[in-house]
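Visitor: One structure, as structure tokens, below. Some questions next.
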Amino acid sequence: MNVYHCLIELRPEARALSFAHAAGLWLDHLNRLQLVSGWRLMRRKFGLASGRHTDFILEIEIEGMAALDAAFTALADADADAVELYEKMHAMIDTVEIGLYRPYPDPSQRERIALI
């Protein structure tokens, strides 16, 4: 399982509950298409954070790199309804920083594998 990790700040005019609703509609759509395995949205509590911690953290679970590639391919070919769901969510985002994580140590110890 890989986790696509997103640190999100909303635009000043965006409403947190509206964003959460729009993100839920979008990510549930991706889940129904089996492009993601699961997701969760979390919000900073009491404004408590340091450094680069943002107001929201979105974690999207993806089975592996092939599934991530399939998700990006499917999203590039999205129909009008899917584009509308995405745009409603994305229009509320001011900044986003992403990272791709995996459980560690993993069974295959990929750090030790090399082609040459």
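Where a number appears in this text, it was derived from the coordinates with a stated rule and is not lab data. All of these numbers come straight from a predicted model, not from anything done at the bench. Every residue, glycine as well, gets a Cβ built from its backbone with ideal geometry; the counts of neighbours run over all protein chains shown.
Visitor: In degrees, nearest 10, range 0 to 90: what is the angle between the Cα axis of helix 65-76 and the longest Cα principal axis of the chain?
Guide: Taking Cα atoms only, the helix is inclined about 40 degrees.
Visitor: May I ask for the distance between the Cα centers of the range 11-48 and the range 57-92, given as a whole number of Å?
Guide: Comparing the Cα centres of the range 11-48 and the range 57-92, I get a distance of 12 Å.
Visitor: With unit charges on the beta carbons (Lys and Arg positive, Asp and Glu negative) and the dipole taken about the Cα centre of the chain, which residue among 73, 18, 53 sits farthest to the positive side?
Guide: Comparing the listed Cα positions along the dipole, 53 ranks first.
Visitor: Within the set of other residues whose C-beta is less than 15 Å from the C-beta of residue 85, count the net charge using Lys and Arg as +1 and Asp and Glu as -1.
Guide: Details: positive: 32, 88; negative: 28, 77, 79, 81, 84, 87.
Once all neighbours under 15 Å are counted, the net charge is -4.
Visitor: If I model a spin label as a point 7 Å beyond the Cα along the Cα-Cβ vector, how far apart are those points for residue 25 and residue 66 in nm?
Guide: Rounded to a tenth, the inter-label distance reads 3.4 nm.
Visitor: 222 nm [θ] for the chain, helices only, -39500 (n - 2.57) per DSSP H run of 4+, per residue, to 500? If you can, show how the numbers build up before the last one.
Guide: Details: 3 runs with 40 residues, N = 116.
Only helices count here, giving -11000 deg cm²/dmol.
Visitor: Taking the Cα centre of the chain as origin, work out the dipole magnitude from +1 charges on Lys and Arg Cβ and -1 charges on Asp and Glu Cβ, in debye rounded to 20. Walk me through the numbers before you get to the answer.
Guide: Values: 12 positive and 17 negative charges, 114 e Å.
About 540 debye.
Visitor: Work through the residues other than residue 49 whose Cβ is under 12 Å from its Cβ and net out their charges, Lys, Arg +1 and Asp, Glu -1. Don't jump to the answer; show the numbers that get you there.
Guide: Values: positive: 43, 44, 45, 52; negative: 9, 55.
For residues surrounding residue 49, the net value is +2.
Visitor: Cα atoms only, the chain: Rg and Dmax in Å?
Guide: 15.8, 52
Visitor: Among 47, 64, 24, whose mean-square fluctuation peaks in a Gaussian network model of the chain (Cα, cutoff 10 Å)?
Guide: Of the options given, 47 has the highest mean-square fluctuation.
Visitor: Could I ask something else about it? Which FRET efficiency value, to the nearest 0.05, do you get for residue 57 and residue 102 by plugging their Cβ-Cβ distance into 1/(1 + (r/R0)^6) with R0 = 22 Å? Working shown, then result.
Guide: Numbers: r = 17 Å, r/R0 = 0.77.
Once the sixth-power term is evaluated, E becomes 0.85.
Visitor: Could you state, as a whole-number percent, how many of the C-alpha pairs of the range 49-98 are farther apart than 19 Å?
Guide: Values: 555 of 1225 pairs.
Within the range 49-98, distances greater than 19 Å cover 45 percent of Cα pairs.
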